[in-house]
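Novice: A single structure is presented below for examination.
The values are calculated or read from the model by the stated rules, or taken from the named source; none is laboratory data. Since this is a predicted model, take the numbers as computed values, not measurements. Glycine gets a Cβ as well: all are built from the backbone with ideal geometry, and neighbour counts include every protein chain shown. Note: accessible area is taken over every heavy atom of the protein model, side chains too, but ligands, DNA and RNA are not part of it. Shrake-Rupley method; radii C 1.70, N 1.55, O 1.52, S 1.80 Å.
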Amino acid sequence: LKTLVRECTQAAINFYGSYCSIENLHATQNIHGENQKALDLIADEIFTDALLKTKLCACISSEEREEAIISDGQYSVCFDPLDGSSIIEANFATGSIFGVYNAQTPIGLTPSQQVSSFYYIYGPNLVFVVSNGKKTFTAKYSENDFEFYQNAPLENQGVLAPANLQAWFANGIQDRLGAFLAQGLNMRYSGGLVADVHMLISKSGGLFVRPRLSNVKPKLRLVYECGPLAYIIESLGGMSSNMQASILQQKITNLHQTTDFMVGSKDLVETWNSYENR
């Protein structure tokens, strides 16, 4: 497992090195009907090659590919090669997200059965966050090496990241914004999922929530985005939810299945759930 994470981390360093110099034009569409940009495809190729190099993966599944790559190995790795590519032109932070299972396939499992999850943030610094489900560490890349520290539990009233504001107003739940802000949270939202969730961790508390329009299926993917991020958040004493139960308990039935998503400090998630149950 250490070899797998090490190879992905070297791939992230390589990708970050050329990240700002590549023209990020629309290229094709992925299986979700979203525009793939040049950097999406480059990141996918770099990380796929790194995972294949380890010879440790039985299943490599990318958000950008319709089918998984099946090989001989011990682990299944599900990853989003470049989360937030649509906001690159605004010079906002993006990232790559990984979930690792000690199994031939993640199908039939739940995200609670990950053995590790980690992500990289590409911004003013290259940041690496990794968890084994019990402890989570953050590292900043500096002078050809990473400086690690263990993350504090999510106990603060930090930030509120309210995604998909259209749904807030269409569903008549906009009053919750005021209620959370009255608790002392500061509203912060960039539109890049991994960066917005990382902000909760860097502030040691807060809430990310993405309600959806009733006639539109959820957008975020369980194995590529929500499962790994929920695994990290819950390792820090936080909570995750698909508006019914923990993301970590949601059964994986399809590599590209989507889900509603909320993560953050336990008390804030419970507060949101109390609104849902009124």
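Novice: Over 10 Å intervals from 0, what percent of Cα-Cα pairs in the stretch 195-240 sits in each interval?
Specialist: Spelled out bin by bin, the stretch 195-240 gives 24, 53, 21, 2 percent.
Novice: While we're here: Please compute the modelled spin-label separation between E147 and Q257, points set 7 Å along Cα→Cβ, answer in nm with one decimal.
Specialist: With each label point 7 Å from Cα toward Cβ, the separation is 4.3 nm.
Novice: Over 21 Å between C-alpha atoms is what I'm after, so list which of K140/K203; K2/K219; K217/K251; K140/K219; K2/K203 land there.
Specialist: Beyond 21 Å between Cα atoms: K2/K219; K140/K219; K2/K203.
Novice: Still on this model: For every other residue with a beta carbon closer than 13 angstrom to the beta carbon of Q257, add +1 if it is Lys or Arg and -1 if Asp or Glu, then tell me the sum.
Specialist: +1
Novice: Before anything else, pin down the relative contact order of the chain: Cα pairs under 8 Å, at least 6 apart, normalised by residue count, whole percent.
Specialist: 16 percent
Novice: Trypsin sites (Lys or Arg not before Pro), restricted to the stretch 48-153: which are DSSP loop and have at most 16 other Cβ atoms within 10 Å?
Specialist: In loop regions of the stretch 48-153 (DSSP not H, G, I, E or B), the sparsely surrounded trypsin sites (Lys or Arg not before Pro) are K55, R65, K134, K135.
Novice: Wrap a convex hull around the Cα atoms of the stretch 101-179, take a quarter of its surface area, and give that in square nanometres.
Specialist: If I average the Cα hull's projected area over directions, I get 9.0 nm².
Novice: Non-local amide H neighbours of A103 (under 5 Å, H modeled in plane, Pro and chain starts lacking H): which ones?
Specialist: S76
Novice: Give the Rg (one decimal place) followed by the Dmax (whole number) of the stretch 59-118, computed from C-alpha coordinates and expressed in Å.
Specialist: Rg, Dmax (Cα atoms, Å): 13.3, 41.
Novice: Which percent of the accessible heavy-atom area of the chain goes to carbon and sulfur, probe 1.4 angstrom?
Specialist: 47 percent
Novice: Related question: Based on the Cβ-Cβ distance of E270 and V115, what FRET efficiency does E = 1/(1 + (r/R0)^6) give at R0 = 35 Å, to the nearest 0.05?
Specialist: The value I calculate is 0.80.
Novice: Can you give the convex hull volume of the alpha carbon atoms of the stretch 159-224 per residue, in Å³?
Specialist: Per-residue hull volume (Cα only) is 84 Å³.
Novice: A further question follows. At 0.36 nm per residue, and after removing the present C-alpha to C-alpha distance, how many nm does the segment from K217 to A245 gain when stretched out fully?
Specialist: 8.3 nm
Novice: Compute the whole-percent fraction of alpha carbon pairs in the stretch 214-278 spaced more than 14 Å apart.
Specialist: Considering the stretch 214-278, 55 percent of its Cα-Cα pairs are separated by more than 14 Å.
Novice: Further question: So, in nm, how far is label N102 from label K135 when the simple model puts each one 7 Å beyond its Cα toward the Cβ?
Specialist: 1.7 nm
Novice: A follow-up question, please. Just to be sure I follow: if Rg is taken over the C-alpha atoms of the chain and Rh is the Kirkwood radius over the same atoms, what is Rg/Rh?
Specialist: 0.94
Novice: Based on the alpha-carbon gyration tensor of the stretch 162-276 and its eigenvalue square roots a ≥ b ≥ c, which shape applies: rounded if a/c is under 1.5, prolate if not and a/b is larger than b/c, or oblate?
Specialist: In terms of gyration-tensor shape, oblate.
Novice: Can you tell me how much longer the chain between E89 and I13 gets when fully stretched, taken as 0.36 nm per residue apart minus their C-alpha distance, in nm with one decimal?
Specialist: 25.3 nm
Novice: Considering amide H positions built from the backbone, and no H for Pro or chain starts, which residues 5 or more places from G123, or on another chain, come under 5 Å of its amide H?
Specialist: Here nothing satisfies the definition.
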